[in-house]
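Written out below as structure tokens is the structure these notes cover.
What follows is calculated from the coordinates using simple rules that are stated; it is not laboratory data. Since this is a predicted model, take the numbers as computed values, not measurements. Glycine gets a Cβ as well: all are built from the backbone with ideal geometry, and neighbour counts include every protein chain shown.
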Amino acid sequence: MNDPRPGPREEHREGPVARSIEQQTAKLPSDTFLWAALGSIGISLFFQVSGDERKANFVGHWAPTFLLLGLYDKLVKLHGSEGV
């Protein structure tokens, strides 16, 4: 059967920089971003325990970013950059 959803219009297609980044990140295993998020939580916990709250907050804010990047990477792998 044909897919009823229309494809992206020409003005909504990815540029060469986005395409290049997606090609490189596609080489990474999907759990890389999960491990990066868990690592940033662990480092943040270390800084918190050692009394450096400022560094703990800074590094702790990386976790959601890594998780969102992992989600985007997974969507691109499943649907392609033009399907997201």
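Between Val17 and Asn57, the contour length at 0.36 nm per residue exceeds the alpha carbon distance by 11.3 nm. For the stretch 29-38, putting each phi into the Karplus relation 6.51 cos²θ - 1.76 cosθ + 1.60 with θ = phi - 60° gives couplings of x, 4, 7, 4, 5, 5, 5, 5, 5, 5 Hz, in residue order, rounded to whole numbers and with x for Gly and Pro.
For the stretch 29-84, calculate the relative contact order in percent as a whole number, restricting contacts to Cα pairs under 8 Å that are 6 or more residues apart. 40 percent.
Sorting Phe46, Phe33 by the number of Cβ atoms found within 10 Å of their own Cβ, with the fewest placed first, yields Phe46, Phe33. Cβ-to-Cβ counts within 10 Å put Asp52, Asp73, Asp31 in ascending order as Asp31, Asp52, Asp73, the fewest first.
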